[in-house]
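Undergrad: Please find one structure pasted underneath; my questions will follow.
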Amino acid sequence: MEKPNLKGLYEKIHEKMQSDKKLKTIAISGLCLFIVLAAVMFVYSRSVLEVSVNGQTIGYVKNHEKFLEIKKGLKARFKDKLSADVQFVQEIKATPVRAFGHKLDLEDDIIEKLEKTLTCKLKAVAINIDGKEVAMVKDKATAEKVLDQVKQHYISQTPGELIKLEVAEKVKLVERYVYAKDIISAEAAVDLILKGGVETRTYEVVEGDSLWTISRRENIPLEELIKANPQLKSEHELAIGDIINLTEVKPLLNVSILKKVTYEESIPFETETIKDNSMWTWDQKVKQEGQKGVKEVTAEVLFANGIKVSEQVIGEKVIKEPVKRIVAKGTKAEVAFRGNGRFAWPVVGTITSPYGYRGREFHSGIDIAQSKGAPVRASNSGTVTFAGWRGGYGNLVIINHGGGIETYYAHNSAITVSVGQKVEKGQQIAKVGSTGRSTGNHVHFEIRINGSPVNPLNYL
C-alpha cells in the first residue's frame with residue numbers, strides 16, 4: 001500500500017490558507033474603503049442653511065426649523081425693545097449650501113448680528129379722516145384716546161349739559177407698518193387735528209370797517225389779521241374797496257355739540273316821563289331810579305367747533321322784576337326877550353338848553369331855538385375876530401367888544417360878515433342853522449370875559 005504524500009498535502013493546505021488570508025485582507029480593505037467613501041460622500045452631500053441679508057452672509061444654521069426659531073427670537077427682541085410688533089424692511093434669506101467647510105453659528109450670535117443689520121417698521125394705527133391719513137399713532141387704544149380728547153376739548157370749552165355730539169367726517173382707524181419716525185404722540189395728534197390747516201379768503205372793505213371791527217366779526221385775532229395783510233400801508237387806516245386777506249384755522253374734524261344751557265339775563269327797565277310845570281323846560285329830575293330785573297333762561301345751544309351757531313330758548317323764569325325809572329321833565333319856558341343888561345339877545349326864541357352842567361358835560365352858553373335862516377344879530381357892537389367853521393361849533397362868528405369881552409354865535413347855516421369887519425349892536429351877522437355838533441336849528445350863544453365863559457343871562 002502506497003504511503004500518503006504528507007508534505008504535498010501540507011503545502012496545498014498552506015497555499016489555500018495563504019490564498020484565503022489574501023482574500024480576507026482584500027475584503028477587509030474593501031470594506032474600509034467603502035466606509036471611508038461613504039463617510040466622505042455623507043460629509044460632501046450634507047447641507048446647512050446660509051443666513052443672509054441683502055447678499056451679506058450673517059451665519060449658518062442647521063435647518064429650516066432652526067432658522068424659523070431664530071426669526072421668532074429676533075422679532076421677540078425687537079418687540080420687547082420697541083414695545084410694538086415689527087416688520088423687517090430687508091428680506092432675510094436662508095439658502096441651502098454644502099455643510100463642508102462651514103461652521104454652524106450659535107442662535108444668539110446670529111440674532112445679535114441680524115439685530116445690528118436689519119431695519120424694521122413698527123405696527124401702528126393711522127387715523128384716517130374722509131379718506132385722508134392725518135396722523136399715525138402707536139396703537140388703536142392711542143388712536144381712540146386721541147379722538148376722545150378732541151371731542152372732550154369742545155365739550156369742556158362750551159357751557160351746559162351735553163345732549164348730542166356729532167362728527168361731520170367719516171373716521172377710520174387703519175393698522176399698518178411704518179418707520180418709527182412717522183409715529184407721533186397722542187398729544188401731538190390731538191393738536192394736529194384741532195389746529196388743522198390755515199384757510200385764506202379775501203374780503204372787500206366797506207364803509208365803517210376797521211381791522212378791529214373785522215377781527216371781532218370774523219373771530220380772527222387782530223395780530224393774525226395784521227400779519228396776513230403786509231400790503232396795508234397802515235393798520236389804522238382802511239379805504240373803501242381795499243381787499244384784505246382773512247386767515248382762519250380749519251380743524252380736521254368738525255364737531256357739532258348740542259347742549260342744554262341755563263343762564264341769567266337782565267330784564268331792561270322802562271322809563272316813564274312825567275311833566276312838571278314848576279321846572280324849566282331844560283330841567284329834569286329823576287324821581288325814581290330804575291333797576292334791571294333778572295330772569296333765568298334755559299336754551300338748547302348748538303356749537304360748531306366750540307363756536308356758538310344757534311340758540312333755541314325752551315324756558316324762562318323771572319327771578320326779579322324790573323323797577324320802572326320815573327323822570328320829571330320841566331314844562332316852564334323862558335322866552336329870550338327878558339332882561340335889561342347891556343347885551344341884546346341875538347335871536348328871539350325859547351331857551352332849550354341853559355348855561356351850566358348837562359349831566360357830566362359843561363354847557364358854556366345858552367341854546368336859543370329859532371327857525372332855519374332867521375337872522376342872527378350882534379349882541380353888542382365890536383369887531384369880528386373869527387368867521388368860519390370850528391369843529392363842534394359848526395359855522396361860528398366871534399365878536400370882540402373890548403375890555404376882554406367876546407361873544408360867540410354858533411351852528412349858523414350861513415355867515416354874513418367877515419374877519420376884521422366892525423359891526424353895530426343889532427346888525428345881522430349870520431343865519432340860524434344846525435351845523436357842527438347840533439340837534440335842531442338854534443343859536444348857541446356865549447359871553448366870554450378874558451377867555452372864560454360866563455352865564456349870558458346875567459348880561460342880557
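We did not get these values from a lab; they are worked out from the coordinates using the rules stated. As the structure is a prediction and not an experimental result, all values here were calculated from the model. All Cβ positions, even for glycine, are placed from backbone atoms using ideal geometry, and neighbour counts span all protein chains on display.
Undergrad: Treat each spin label as a single point 7 Å out from the Cα along the C-beta direction, and report the Val167 to Arg217 distance in nm.
TA: With each label placed 7 Å out from Cα toward Cβ, I get 3.5 nm.
Undergrad: For Thr416 and Glu204, what does the FRET efficiency come to when R0 = 56 Å and r is the distance between their Cβ atoms, rounded to the nearest 0.05?
TA: The value I calculate is 0.80.
Undergrad: Right, here's the next one. Return the whole-Å distance between the Cα centroid of segment 277-312 and the Cα centroid of segment 71-132.
TA: Segment 277-312 and segment 71-132 have Cα centres spaced 72 Å from each other.
Undergrad: In straight Cα distance, which aspartates and glutamates are under 12 Å from Lys66, not counting same-chain residues fewer than 8 positions off?
TA: Excluding near neighbours in sequence, the set is Glu50, Asp105, Glu107, Asp108.
Undergrad: For a quick check of your reading of the filter: which GluC sites (Glu not before Pro) in segment 179-270 sit in a DSSP loop and have no more than 15 other Cβ atoms within 10 Å?
TA: When the GluC sites (Glu not before Pro) of segment 179-270 are filtered for loop state and at most 15 Cβ neighbours within 10 Å, Glu207, Glu235, Glu237, Glu270 remain.
Undergrad: Among Gly208, Pro230, Ala189, whose Cα lies farthest out toward the positive end of the dipole of segment 168-276, if unit charges sit on the beta carbon of Lys, Arg (+1) and Asp, Glu (-1)?
TA: It is Ala189.
Undergrad: For the pairs Lys260/Lys324; Lys79/Lys113; Lys81/Lys103; Lys123/Lys145; Lys227/Lys260, flag any whose C-alpha to C-alpha distance is greater than 27 Å. Walk me through the intermediate numbers first.
TA: Numbers: Lys260/Lys324 32 Å; Lys79/Lys113 17 Å; Lys81/Lys103 30 Å; Lys123/Lys145 18 Å; Lys227/Lys260 38 Å.
Where the Cα-Cα span goes over 27 Å, the pairs concerned are Lys260/Lys324; Lys81/Lys103; Lys227/Lys260.
Undergrad: Another one. Suppose we take every Cα in segment 124-195 and form the convex hull; what volume per residue is that in Å³? Show your work: numbers first, answer last.
TA: On the way: hull volume 6.4 nm³, N = 72.
Output value, Cα hull per residue: 90 Å³.
Undergrad: Just add up the charged neighbours of Gln291: K/R +1, D/E -1, any other residue whose Cβ is under 10 Å from the Cβ of Gln291.
TA: Once all neighbours under 10 Å are counted, the net charge is +2.
Undergrad: If I model segment 165-303 as equal point scatterers sitting on the Cα atoms and use the Debye formula, what is log10 I(q)/I(0) at q = 0.09, 0.10, 0.13 Å⁻¹?
TA: -0.64, -0.74, -0.94
Undergrad: Which listed residue (His153, Thr142, Val167) has the Cα farthest towards the positive end of the charge dipole for segment 124-195, taking +1 on Lys and Arg C-beta and -1 on Asp and Glu C-beta about the Cα centre?
TA: Going by the Cα projections, it comes out as Thr142.
Undergrad: Further, regarding this structure: Just one of (1) 78, 50, 36; (2) 213, 58, 32; (3) 67, 47, 43 is Cα extents along the principal axes in Å calculated from these coordinates, so which is it?
TA: Structure-derived value, by its label: (2).
Undergrad: Under a straight-distance cross-link criterion of Cα-Cα below 17 Å, which aspartates and glutamates are reachable from Lys285, leaving out those fewer than 8 residues away in the same chain?
TA: Glu270, Glu272, Asp276, Glu361
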